[in-house]
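**Q** Can you keep this structure in mind? I'll have questions shortly.
The values are calculated or read from the model by the stated rules, or taken from the named source; none is laboratory data. Worth saying up front: this structure is predicted, and the values here are computed from it rather than measured. Here the Cβ is made from the backbone with ideal geometry for all residues, glycine too, and neighbour counts use every protein chain on show.
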Amino acid sequence: MDNRLTVAEITKRAREMPVEQAVEWLNRLKHEYGMQVDKLADIYFRKLQKINDERKRLKEMSRYEILARSSGFINIAGIDEAGRGPLAGPVVAACVMLPEDMTIDGLDDSKKLTASKRNKLFDIIIEKAVAYGIGMVQHDEIDRINILNATKKAMMIAVSNLPVKPDYLIVDAVKLPLRIEQLSVCKADSLSVSVAAASIIAKVTRDMWMERVHEKYPQYGFDRHKGYGTRLHINAIKKYGLCPIHRKSFTVKLTDGAL
């Protein structure tokens with residue numbers, strides 16, 4: 001009686017194993033089973049390489065958090081914003097504190113991710129974060145205090161809404177007037193896991209806000225461009241004028257005949 005496994009059975013068992021275990025098991029089998037299992041072993045080896053590459057990337061993105069912890073800080077949070085550039089809607093900031101040594105596969109700067117991937121990561125971050133806070137400053141206040149000050153204010157609101165008090169902040173590009181030790185890093189959303197997580201929370205939160213407001217002002221297409229100055233949006237402004245959520249300081253050239 002032949003007790004050998006079929007290739008289909010081997011494939012099924014490998015799929016049910018952790019990738020590292022599957023690679024080891026398939027490498028033992030391939031000498032007995034030949035080319036088909038050899039090809040399967042190669043597929044799982046490439047999967048393992050991708051996993052290890054991702055672990056290495058995320059480890060490198062954790063260097064600021066690791067350095068802060070080595071200096072004695074415990075509650076380390078990252079801060080980022082979404083919506084500095086749009087012609088309409090709020091600027092939204094998020095402050096996120098992740099557990100030490102936690103890995104979230106695919107975590108990256110929100111701008112590098114598809115909407116579908118951002119939404120999936122948003123749910124994971126909300127579930128796994130030690131704490132998170134969100135801050136929002138609306139269009140009219142942006143006009144009044146300018147976008148840089150509005151961004152800083154949204155970030156400080158996000159920090160104040162964090163249920164766990166941070167003792168160290170990693171901030172994307174700006175310095176905040178807070179009595180908390182902080183590190184300002186350009187492009188921190190690509191260099192820090194905490195800031196990358198904050199960039200996703202801020203971006204998805206703002207996108208959802210713009211999608212809701214689209215229902216009130218559907219002629220502008222806010223569900224598509226989220227308030228940014230696309231040709232579709234600019235043409236809608238020229239046709240319909242400004243709506244109540246437009247930033248007047250950002251759209252003056254579109255309404256005074258200059259364009």
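**Q** Which condition number in (1) under 23 Å from S249 (Cβ atoms); (2) modelled with pLDDT of 95 or more is the one that R212 fails?
**A** Every condition holds for R212 apart from (1).
**Q** Please work out which one of (1) under 30 Å from S184 (Cβ atoms); (2) loosely packed, with under 13 Cβ neighbours inside 10 Å is the condition L58 fails and give its number.
**A** Unmet for L58, out of (1) under 30 Å from S184 (Cβ atoms); (2) loosely packed, with under 13 Cβ neighbours inside 10 Å: (2).
**Q** Residue check: is S190 more than 22 Å from G89 (Cβ to Cβ) and of a type in the set (S, T, N, Q)?
**A** When the stated conditions are applied, S190 passes them.
**Q** Ok, one more. Could you pull out the residue among A68, A41 that is more than 30 Å from A198 (Cα to Cα), hydrophobic (A, V, I, L, M, F, W, C) and part of a helix (DSSP H, G or I)?
**A** Testing whether each residue is more than 30 Å from A198 (Cα to Cα), hydrophobic (A, V, I, L, M, F, W, C) and part of a helix (DSSP H, G or I) leaves just A41.
**Q** Continuing with this model, one more query. Considering only residues that are β-branched (V, I, T) and in contact (Cβ under 8 Å) with a residue 24 or more places away in the chain, look in segment 89-127 and name the one that is farthest from N146 (Cα to Cα).
**A** Among those that are β-branched (V, I, T) and in contact (Cβ under 8 Å) with a residue 24 or more places away in the chain, it is T103.
**Q** Those residues that are closer than 21 Å to R4 by Cβ and not charged (D, E, K, R), I need them from segment 28-55; list them, please.
**A** L29, H31, Y33, G34, M35, Q36, V37, L40, A41, I43, Y44
**Q** Residues that are surrounded by fewer than 16 Cβ atoms within 10 Å (Cβ to Cβ) and in contact with a strand residue (DSSP E or B) (Cβ under 7 Å, 6 or more places away or on another chain): list the strands (runs of 3 or more DSSP E) wholly contained in segment 75-192 that include at least 1 such residues.
**A** Output list reads 181-185.
**Q** Shifting gears a bit: So which of D101, D2, D80 ends up being out of contact with any Leu (no Cβ under 7 Å at 6 or more places or on another chain), within 30 Å of R206 (Cβ to Cβ) and at pLDDT below 95?
**A** The unique qualifying residue is D101.
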